[in-house]
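Engineer: After the structure tokens below, expect a handful of questions from me.
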Amino acid sequence: MRSLPPVVKNLLIANVLVFLAQMYFRNSETPLELYGALWPIASGNFKIWQLVTHMFMHATNNWFHILFNMFTLYMFGSMLEQVWGPKRFFNFYIICGIVAALAQLFMGSDFGYAVGASGAIMGVLAAFTYLFPNTPLYLMFIPIPIKAKYAIPGLMALDLFGGIASVNGDNIAHWAHLGGAITGFILVVLWNKTNRNTFY
């Protein structure tokens, strides 16, 4: 943990602590998801702070959800923070997560509530792909490396299909993923064009 850049390290700690709190209050009368998850506006449970808090929560019945997100944050977020510095990376991560939530609210349909850092993580992956397009990645169940510029757009295409198809029983927030990815791509393109040293 000492070798991790500060923002990534603290994001990892925050996500794990919130997940443990979710587990602790899971069977209580007022689970944390009631306040921190992203609820549809029409549900009556929506609060403005959920645009941020949802990205620090994860599904407690699926350990793969938090493990995948935190591993991806560790692998790819660390490289972005080293390139950009803590301030820019933190702002990038939060902006991607907020726009991901807005995309899910206005494009998603019939979702109970949404939790997870996946929208912000997809923004991280999009930015990484733009900056390091030829980096070979190993994806699950595929024994050969695939360059980032092919692998990550492929994941986005699957999310686009999932969002449009609206398959019954699919509990993945595809529009949040796409919103975060598109936001991450736009931000990194703009930053690279203007070549600013900081982002406020």
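The values are calculated or read from the model by the stated rules, or taken from the named source; none is laboratory data. Note that the structure is predicted; figures quoted are calculated from it, not measured. FYI the Cβ positions are ideal-geometry reconstructions off the backbone, even for glycines, and counts take in every protein chain you see. Side chains included, ligands, DNA and RNA excluded: accessible areas come from the protein's heavy atoms. Shrake-Rupley method; radii C 1.70, N 1.55, O 1.52, S 1.80 Å.
Table: residues versus (1) more than 15 Å from the chain's Cα centre (by Cα); (2) under 20 Å from GLN22 (Cβ atoms).
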{"site": "HIS65", "(1), (2)": "no, yes"}
{"site": "GLY77", "(1), (2)": "no, no"}
{"site": "TRP84", "(1), (2)": "yes, no"}
{"site": "ARG88", "(1), (2)": "yes, no"}
{"site": "ALA101", "(1), (2)": "no, yes"}
{"site": "GLY112", "(1), (2)": "yes, yes"}
{"site": "PRO133", "(1), (2)": "yes, no"}
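Engineer: In this structure, is PHE92 modelled with pLDDT under 95, within 26 Å of LEU4 (Cβ to Cβ) and within 12 Å of the chain's Cα centre (by Cα)?
Structural biologist: no
Engineer: Can you name the number of the only condition in (1) under 12 Å from the mean Cα position of the chain (by Cα); (2) open to solvent by 10 Å² or more (accessible area, probe 1.4 Å); (3) over 15 Å from HIS174 (Cβ atoms); (4) not aromatic (Phe, Trp, Tyr) that HIS58 fails?
Structural biologist: Among (1) under 12 Å from the mean Cα position of the chain (by Cα); (2) open to solvent by 10 Å² or more (accessible area, probe 1.4 Å); (3) over 15 Å from HIS174 (Cβ atoms); (4) not aromatic (Phe, Trp, Tyr), HIS58 violates only (2).
Engineer: Shifting gears a bit: If I filter region 118-132 for residues that are over 15 Å from PHE68 (Cα atoms) and open to solvent by 70 Å² or more (accessible area, probe 1.4 Å), do I get at least one hit?
Structural biologist: Yes - at least one qualifying residue is present in region 118-132.
Engineer: Right, something else. Of all residues being polar (S, T, N, Q) and part of a loop (DSSP other than H, G, I, E, B) in region 112-158, which is farthest from THR72 (Cα to Cα)? Just the residue, please.
Structural biologist: Once the filter is applied, the top-ranked residue is ASN134.
Engineer: Moving on. Only one residue in GLY116, GLY154 is free of Cβ contacts under 8 Å to residues at least 24 places away in the same chain and closer than 25 Å to ALA59 by Cβ. Which one?
Structural biologist: That would be GLY154, the only listed residue that is free of Cβ contacts under 8 Å to residues at least 24 places away in the same chain and closer than 25 Å to ALA59 by Cβ.
Engineer: Here is a follow-up. Please count how many residues of region 15-46 are without any contact (Cβ under 8 Å) to a residue 60 or more places away in the chain, more than 16 Å from ALA176 (Cβ to Cβ) and surrounded by 13 or more Cβ atoms within 10 Å (Cβ to Cβ).
Structural biologist: 10
Engineer: Next question, about the same structure. Of the residues PHE68, PHE106, which is at pLDDT below 95, surrounded by fewer than 17 Cβ atoms within 10 Å (Cβ to Cβ) and part of a helix (DSSP H, G or I)?
Structural biologist: Exactly one residue qualifies, and that residue is PHE106.
Engineer: Could you check region 133-148 and list, in sequence order, the residues that are surrounded by 15 or more Cβ atoms within 10 Å (Cβ to Cβ) and closer than 19 Å to THR183 by Cβ?
Structural biologist: The one that is surrounded by 15 or more Cβ atoms within 10 Å (Cβ to Cβ) and closer than 19 Å to THR183 by Cβ: ALA148.
Engineer: Only residues that are more than 13 Å from LEU11 (Cα to Cα) and of a type outside the set (A, V, I, L, M, F, W, C): list them for region 88-99, please.
Structural biologist: Selection gives ARG88 alone.
Engineer: On the given criteria, is GLU33 acidic (Asp, Glu) and out of contact with any helix residue (DSSP H, G or I) (no Cβ under 8 Å at 6 or more places or on another chain)?
Structural biologist: For GLU33, the condition - acidic (Asp, Glu) and out of contact with any helix residue (DSSP H, G or I) (no Cβ under 8 Å at 6 or more places or on another chain) - is not met.
Engineer: Considering every residue within region 78-93, establish whether at least one is acidic (Asp, Glu) and farther than 15 Å from VAL115 by Cα.
Structural biologist: yes
Engineer: Just a yes or no: is a residue in region 159-176 at pLDDT 80 or above and over 20 Å from the mean Cα position of the chain (by Cα)?
Structural biologist: no
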